[in-house]
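Student: I'd like to ask some things about the structure below.
The values are calculated or read from the model by the stated rules, or taken from the named source; none is laboratory data. If you're wondering where the values come from, they're calculated on a predicted model, not measured in any experiment. Every residue, glycine as well, gets a Cβ built from its backbone with ideal geometry; the counts of neighbours run over all protein chains shown.
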Amino acid sequence: MPDATTAETKQGRTLAHATPETAPLVPGRRAFFTYQDLGVTGASKGHMRAQVTTAKRGMTEPTGWHYHLCESQFVYALRGWVDLEFEDGRTVRVKAGESIYIPGGLRHNEIATSDDFQILEVSVPAEMGTQACEPPAKR
């Protein structure tokens with residue numbers, strides 16, 4: 001009988017079970033964060049990615065305006081908070097227990113995080129590029 005953590009489905013995708021001990025740290029977009037891979041990219045054959053992102057320290061400067069090359073990004077705050085500004089002029093603080101869905105291509109800028117910031121981030125597809133862009137015109 002196959003191991004339940006690697007049982008294959010009809011689509012060729014597999015079950016993924018991650019624990020803090022088995023989920024490896026992987027390279028990520030920002031040097032001031034750590035990224036823990038939850039095994040979803042491999043198990044879903046690249047259909048989606050799930051990782052835990054943790055601040056090494058609170059952000060000292062904004063990331064700069066950018067957008068992601070993906071269908072969608074979903075973020076659930078596990079600890080702390082992150083402040084995001086969006087191209088429509090809104091600024092949103094996402095706190096522990098809250099979530100935000102960001103469609104691919106939506107320009108945004110992370111402007112601050114708490115020192116204890118930690119999120120669960122999911123993207124579809126798994127490969128999510130980041131494209132720097134100009135800030136939106138002032139409204």
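Student: Would you tally the residues in segment 1-19 being under 21 Å from SER123 (Cβ atoms), part of a loop (DSSP other than H, G, I, E, B) and modelled with pLDDT of 85 or more?
Tutor: 6
Student: While we're on this one: Just to check your reading of the model, which residue among THR60, THR22, THR34 is in a strand (DSSP E or B), at pLDDT below 95 and of a type in the set (Val, Ile, Thr)?
Tutor: On the way: THR60 fails: in a strand (DSSP E or B); THR22 fails: in a strand (DSSP E or B).
Sole residue among the options that is in a strand (DSSP E or B), at pLDDT below 95 and of a type in the set (Val, Ile, Thr): THR34.
Student: Within segment 89-115, restricting attention to residues that are small (Gly, Ala, Ser) and in contact with an Asp or Glu (Cβ under 6 Å, 6 or more places away or on another chain), which residue is modelled with the lowest pLDDT? Step through it out loud before you land on a result.
Tutor: The first filter runs over segment 89-115 and keeps only residues small (Gly, Ala, Ser), leaving 89, 96-97, 99, 104-105, 112, 114.
Subset that is in contact with an Asp or Glu (Cβ under 6 Å, 6 or more places away or on another chain): 104, 112.
Numbers: GLY104: 97, ALA112: 94.
Checked segment 89-115; the qualifying residue modelled with the lowest pLDDT is ALA112.
Student: With GLU127, GLU121 as the choices, which residue is closer than 21 Å to GLY46 by Cβ, in contact (Cβ under 8 Å) with a residue 12 or more places away in the chain, within 16 Å of the chain's Cα centre (by Cα) and not in a strand (DSSP E or B)? Explain how you work it out, then say what you get.
Tutor: On the way: GLU121 fails: not in a strand (DSSP E or B).
After applying the criteria, what remains is GLU127.
Student: Before we move on, is SER99 in contact (Cβ under 8 Å) with a residue 12 or more places away in the chain, surrounded by fewer than 16 Cβ atoms within 10 Å (Cβ to Cβ), under 28 Å from GLY42 (Cβ atoms) and out of contact with any helix residue (DSSP H, G or I) (no Cβ under 9 Å at 6 or more places or on another chain)? Working first, answer last.
Tutor: On the way: in contact (Cβ under 8 Å) with a residue 12 or more places away in the chain: yes; surrounded by fewer than 16 Cβ atoms within 10 Å (Cβ to Cβ): yes; under 28 Å from GLY42 (Cβ atoms): yes; out of contact with any helix residue (DSSP H, G or I) (no Cβ under 9 Å at 6 or more places or on another chain): yes.
Considered against the rule, which asks whether it is in contact (Cβ under 8 Å) with a residue 12 or more places away in the chain, surrounded by fewer than 16 Cβ atoms within 10 Å (Cβ to Cβ), under 28 Å from GLY42 (Cβ atoms) and out of contact with any helix residue (DSSP H, G or I) (no Cβ under 9 Å at 6 or more places or on another chain), SER99 comes out as yes.
Student: From the residues in segment 27-53 that are in contact with an Asp or Glu (Cβ under 9 Å, 6 or more places away or on another chain) and among the β-branched types (Val, Ile, Thr), which one is farthest from PRO135 (Cα to Cα)?
Tutor: THR41
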